[in-house]
1. In nm, to one decimal, how far is the residue 68 label point from the residue 39 one, both placed 7 Å along Cα→Cβ?
2. Residues in region 1-25 near a label at residue 57, defined as backbone nitrogen under 17 Å from the 7 Å Cα→Cβ point?
3. Work out, step by step, the length gained on full extension between residue 110 and residue 47: first 0.36 nm times the residue separation, then minus their alpha carbon distance; give nm to one decimal.
4. Would you please give the FRET efficiency between residue 88 and residue 31, computed as 1/(1 + (r/R0)^6) with r the Cβ-Cβ distance and R0 = 35 Å, to the nearest 0.05?
5. Taking the Cα atoms of the chain, report the difference between the largest and smallest coordinate on each principal axis, in whole Å and largest first.
6. Please turn the phi angles of region 57-63 into ³J(HN,Hα) values with the Karplus equation 6.51 cos²θ - 1.76 cosθ + 1.60 (θ = phi - 60°), one per residue in order, whole Hz, x for glycine and proline.
Amino acid sequence: QVQVVESGGGLVQPGGSLRLSCAASGSTFSSYSMGWYRQAPGKQREAVARINSGKITIYTDSVKGRFTISRDNAKNTVYLQMNSLKPEDTAVYYCNALTGIYTYWGQGTQVTVSS
């Protein structure tokens, strides 16, 4: 069983920045593919960014150039640096760990972009 815990959400003004963190348990964290998803009210959950064990990253088009996903294997943590935030980025952000066999989700952290 892998525990996944997100943190770092909050209220930020448009144009501001936030950094989300996701800590995952397990001695083989470096082999996990880690991703961030988000779900806005009334909408389906969507993939935002992913980083694999080789630190190759992919992003959904709406966040390219604004969000950066990274990982620190020594800390079993993945980050999502979010810059130039827009009201449409408001959502619950979830972290996802793919171990090659199972998929694990965190409980989510709320991000609200509003003036």
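Since every read-out is calculated from the coordinates, none of them should be taken as a lab result. These figures come from a predicted structure and were not determined experimentally. For neighbour counting, all protein chains shown are included, and Cβ atoms are generated from backbone atoms with ideal geometry for every residue, glycine included.
1. 3.0
2. Residues 17-23 qualify, since their backbone N sits under 17 Å from the label point.
3. Working it through step by step, the gained length comes to 21.1 nm.
4. The formula returns an efficiency of 0.55 here.
5. Sorted largest first, the three principal extents are 42, 26, 22 Å.
6. 10, 9, 9, 6, 4, 5, 10
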